[in-house]
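Only one structure is covered here, and it is reproduced in the block below.
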Amino acid sequence: MKYSKEELDLINDIDQHVKNKKISYYKAIPQEVYQKIKAIMKARNFSGSLQEYFEFLGYTFIPSPKYPKNTIDIIALLMQHFPSRYVINLENIDRNLYYIVQDKALENKVDIPEYLNKLGFSFVFNSNIYPHPPTYYVGTSEKEYIDRLNKLFPEGTIIIEELIEKDSWLFKSINYIRQIRSIQTIDEQLEFFGFKVFRRWKGYRET
């Protein structure tokens, strides 16, 4: 069966985020592309599952093994990849583990570098390790993020823990921009957007 123009564009979008036509983890696909997939499936009246639709588009779905959820096992897996305890290129080396670390960081109301530091690791920043940023993380989307931040914090002062509580997706999106830009902390990224930043446990950042 021939693909529609929309599906050909979709395949091109997916190819930017998976290798060798193999998908092992749905979260590796950005939310914007995921929503596009669901919309095209609906428009086509595709009756199968998401996995079946990926197979229809020419992809192979290979479920990854279950990953650890407790801290001891996370540390053990990090040590396998980074025995020096310097975490470099985690998103590309083990994307599944990256998202688990990200979720754990959110649970602890800190960003990824702080969470890794609590585990005894150092996160090494390098903008070159993020070669395929989704298009919706750059350009006009930043204005959308700023507008959403202004609605959440109209006085212009952001409490990091409250941002995580109110809109964890927005926190993740801004955190991704920070990583692409090789900015050390999300505090600095938010200050770049024009906000004052506050953390409950240590107060305002000195600038």
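The values are calculated or read from the model by the stated rules, or taken from the named source; none is laboratory data. Only a predicted model underlies this, so the values are computations on that prediction, with no experimental measurement involved. Cβ sites come from the backbone with ideal geometry, for glycine too, and all protein chains shown count toward neighbours. Just the protein is used for accessible areas: all its heavy atoms, side chains included, with ligands, DNA and RNA removed. Shrake-Rupley method; radii C 1.70, N 1.55, O 1.52, S 1.80 Å.
Name the residue that is least open to solvent (accessible area, probe 1.4 Å), counting only residues in region 80-96 that are more than 12 Å from F121 (Cα to Cα) and among the polar types (S, T, N, Q).
The residue in question is N96.
Residues of region 76-90 being free of Cβ contacts under 8 Å to residues at least 12 places away in the same chain and more than 16 Å from K118 (Cβ to Cβ), which ones?
Those that are free of Cβ contacts under 8 Å to residues at least 12 places away in the same chain and more than 16 Å from K118 (Cβ to Cβ): Q80, P83, S84.
Please enumerate the residues belonging to region 40-50 that are assigned to a helix (DSSP H, G or I), at pLDDT below 90 and open to solvent by less than 70 Å² (accessible area, probe 1.4 Å).
If the condition is that a residue be assigned to a helix (DSSP H, G or I), at pLDDT below 90 and open to solvent by less than 70 Å² (accessible area, probe 1.4 Å), then L50 is the only one that fits.
Does at least one position in region 124-132 carry a residue that is at pLDDT 70 or above, open to solvent by less than 60 Å² (accessible area, probe 1.4 Å) and touching a Pro at 6+ places or on another chain (Cβ under 6 Å)?
no
Any idea how many residues of region 101-116 are open to solvent by less than 10 Å² (accessible area, probe 1.4 Å) and under 23 Å from V18 (Cβ atoms)?
2
(1) of a type outside the set (A, V, I, L, M, F, W, C); (2) closer than 30 Å to D94 by Cα; (3) modelled with pLDDT of 85 or more: which one isn't true of E114, the others all being true?
That leaves (3) as the condition not met.
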